[in-house]
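*Asks:* I have a structure here, written as structure tokens, and I will follow up with some questions on it.
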Amino acid sequence: MGTVISETVTRTQVGIVGAGPAGLTLSLLLARAGIESVVLESRSREYIERRVRAGLLEQNTVDLLRSLGVAERLDREGLLHNGIYLRHEGQTLHIPIFELTGRQVTIYGQQEVVKDLVAERLAQGGTLDFEVSDLAVHDLDADLARITYSSGGVRHTLECDFIAGCDGFHGVCRASAGALIEHEYVYPFSWLGILAEAPPSTDELIYAWHEHGFALYSMRSSKVSRLYLQVPNDEPLDDWPDERIWAELQTRLASAGWSVTEGPIFEKGVTPMRSYVCEPLRHGRLFLAGDAAHIVPPTGAKGLNLAVNDVRLLAAALASWYRSGSIDDLDGYSETALRRIWRAQDFSNYMTQLLHRLAGDTFGGKLQLARLGYLARSSAAATSLAENYVGLPATEEF
Ligand code: RFL
Ligand code: PHB
């Protein structure tokens, strides 16, 4: 005798697949507009609240989180930054972002953002189901779309007006969206990232060019540092005991009379670097947002910020449809979102090409040093970097 599996059918306005920054933010934006949604997540709450990823929030992102009433802890614990350092050959160039743009970035871990969004979603009594499995989307071109999934041994069908595919790069929604056009570039290197119990010995982030490869000095708090090293693709973590990591960070980030403060490493991981965009961001009633639709290399710190911008546009388009029955904004979502996505792709690629060691190429290295020199001498060049890094205004033009 097989296991008896009960089945349920429920109905909502927007079915959201994925409880990352994109899906959770979308659910709160929709709730504020009086639109009901259901968020379905394959992982556990503990897992998504611990997953270590991004750390740098654009002012646009902070402003949006504030407007949703989820920035109380962010305002208390986030670290405001007015600039960044670019370091090469022992020289340090400060890009004074606030002075050049009047805007700031904030360091606050992505998992902290996720915790705050989850807490608010649950406090509002919104549906957020963890550990769902076998999720699939159907009937994207019909009057009602459907999401099927299992949860707690029960098979569910969720009928929806629209589905938001916010399920990240390895999710299922993009693959169900028919023949999309894909643009992709995979870089011949990865980032080895660590978290260490060590007070940062720098006031601003340091992006370092070095002949051994790129290094980044970031942080999470006054007690925790976040650091990254460029490593070859498929680099085994076992080849990087803590002593080797610290030695390499000291070498690549070196500056006279200064050193990186070391401490116990409590998290280590390797992330491949990819640029990817699919288009359009829509198939019938399915809309893609965040990493489900695009990936940027982390050098520009844009991934989470782009995800939040996508759902800002998508929520406004859905609200316009529910308010007036006008389909225009939904029809325009893909084109509008892609303008900023491509701007961020270009900036992320620029930062990556500026700072990483490129395969056996002295010509490329010389160009990088010429660009760094230009950034030091031209306020136009520095302003261009600063306005992209801090985040161009959240209008539809970019
Ligand atoms: P997420 O965060 O991947 O969330 C997708 C969610 O969908 C769930 N899921 C499913 N749920 C149900 N059914 C399925 N079949 C499902 N398949 C997947 C997943 O479990 C997950 O919870 O995507 P979202 O919301 O689009 O957010 C994107 C960001 O997470 C990402 O862009 C950033 O982390 C990128 N990133 C950075 N972005 C920044 O803006 N600033 C940074 O400083 C920055 N640094 C980084 C980064 C990413 C990094 N890594 C590890 C990739 C640094 C690193 C090292
Ligand atoms: C981070 O703190 O994790 C971080 C900061 C800036 C980046 C990438 C990652 O460009």
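Just so it is clear, none of the values below were taken in a lab; they were calculated from the coordinates. Quantities reported herein were computed from a predicted structural model and do not represent experimental measurements. Because the Cβ atoms are built from the backbone with ideal geometry, glycine has one as well, and the counts that use them run over all protein chains shown.
*Asks:* Please give the charge dipole size of the chain, origin at the Cα centre, charges +1 on K and R Cβ atoms and -1 on D and E Cβ atoms. Round to the nearest 20 debye. Walk me through the numbers on the way to the answer.
*Replies:* Values: 36 positive and 51 negative charges, 120 e Å.
Computed charge dipole of the chain: roughly 580 debye.
*Asks:* Mind ordering 178-184, 290-296, 107-113, 96-102 by average Cβ neighbours within 10 Å, highest first?
*Replies:* Working: 178-184: 10.7, 290-296: 27.6, 107-113: 21.6, 96-102: 16.7.
Top to bottom by mean Cβ count within 10 Å: 290-296, 107-113, 96-102, 178-184.
*Asks:* Place a label point 7 angstrom from the Cα of residue 75 along the Cα-to-Cβ direction, then list the residues of segment 121-142 whose backbone nitrogen is under 20 Å away.
*Replies:* Answer for this model: 121, 123-124.
*Asks:* How much net charge surrounds residue 11 when only the other residues with a Cβ under 12 Å from the Cβ of residue 11 are counted, with Lys and Arg +1 and Asp and Glu -1? The partial results should precede the final answer.
*Replies:* Details: positive: 146; negative: 36, 159, 161.
Local net charge: -2.
*Asks:* Longest span of the chain, sites excluded, free of trypsin sites (Lys or Arg not before Pro) in DSSP loop with at most 13 other C-beta atoms within 10 Å?
*Replies:* On the way: sites that count: 51, 223.
My reading of the result: 224-398 is the longest stretch.
*Asks:* If I model a spin label at residue 122 and residue 136 as a point 7 Å from the Cα along the Cα→Cβ vector, what separation in nanometres do I get?
*Replies:* For residue 122 paired with residue 136, the spin-label model returns 3.1 nm.
*Asks:* Obtain the nm distance between the two label points defined at residue 222 and residue 112 by a simple spin-label model: each point lies 7 Å from its Cα along the Cα-to-C-beta direction.
*Replies:* 1.3
*Asks:* Is it possible to state the helix-based mean residue ellipticity at 222 nm for the chain, with each DSSP H run of 4+ residues giving -39500 (n - 2.57), the sum divided by total residues, to the nearest 500 deg cm²/dmol? What is it? The partial results should precede the final answer.
*Replies:* On the way: 11 runs with 141 residues, N = 398.
-11000 deg cm²/dmol, from helical runs alone.
*Asks:* When you count, for each residue, the other Cβ atoms within 10 Å and take the mean per peptide, how do 14-20, 130-136 rank with the highest first?
*Replies:* On the way: 14-20: 27.4, 130-136: 14.7.
Highest to lowest by the protection proxy: 14-20, 130-136.
*Asks:* Any idea what the relative contact order of segment 195-295 is, in percent, if you count C-alpha pairs under 8 Å spaced at least 6 apart? The partial results should precede the final answer.
*Replies:* Numbers: 131 pairs, mean separation 28.6, N = 101.
After rounding, I find 28 percent.
*Asks:* Along the Cα-to-C-beta direction of residue 91, a point sits 7 Å from the Cα; which residues of segment 334-375 have their amide N less than 11 Å from that point?
*Replies:* Hits in segment 334-375 for residue 91 at 11 Å: 369-375.
*Asks:* Calculate the FRET efficiency for residue 197 and residue 323 from the Cβ-Cβ distance with a Förster distance of 56 Å, rounded to the nearest 0.05.
*Replies:* 0.65
*Asks:* For segment 17-145, what is the charge dipole size about the Cα centre, in debye to the nearest 20, if Lys and Arg each add +1 at the Cβ and Asp and Glu each add -1 at the Cβ?
*Replies:* On the way: 13 positive and 20 negative charges, 113 e Å.
So the magnitude is around 540 debye.
*Asks:* Chymotrypsin sites (Phe, Trp or Tyr not before Pro), restricted to segment 140-189: which are DSSP loop and have at most 16 other Cβ atoms within 10 Å? Intermediate results must be reported in sequence, preceding the final value.
*Replies:* Values: sites: 149, 162, 169, 185, 189; in loops: 169.
Here the chymotrypsin sites (Phe, Trp or Tyr not before Pro) that fit, given the DSSP loop and packing criteria, are 169.
*Asks:* Take every Cα pair under 8 Å in the chain that's 6+ residues apart, average their separations, divide by the length, and report that relative contact order as a whole percent. Please report the intermediate quantities before stating the final value.
*Replies:* On the way: 796 pairs, mean separation 79.7, N = 398.
So the answer I get is 20 percent.
*Asks:* At a threshold of 8 angstrom on Cα-Cα distance, excluding pairs fewer than six apart, so keeping six or more, what relative contact order does segment 139-205 reach in percent?
*Replies:* Relative contact order of segment 139-205: 17 percent.
*Asks:* Can I ask one more? If you average the alpha carbon positions of segment 354-394 and of segment 102-147, how far apart do those two centres end up, in angstrom?
*Replies:* Cα centres, segment 354-394 to segment 102-147: 35 Å.
*Asks:* Here is a further query. If each residue of separation counts as 0.36 nm, what is the full-extension length gain between residue 99 and residue 339 once their alpha-carbon separation is subtracted? Display every interim value, and only then the final one.
*Replies:* Values: separation 240, 0.36 × 240 = 86.40 nm, distance 2.64 nm.
Extra length available between residue 99 and residue 339 comes to 83.8 nm.
*Asks:* While we're here: When Lys and Arg each count +1 and Asp and Glu each count -1, what net charge do the other residues less than 11 Å away from residue 94, Cβ to Cβ, add up to? The partial results should precede the final answer.
*Replies:* On the way: positive: 87; negative: 99, 203, 204.
So the surrounding residues net to -2.
*Asks:* Return the distance in nm (one decimal) between the two label points of a simple spin-label model at residue 244 and residue 271, each offset 7 Å from Cα along Cα→Cβ.
*Replies:* So the two model labels end up 2.2 nm from each other.
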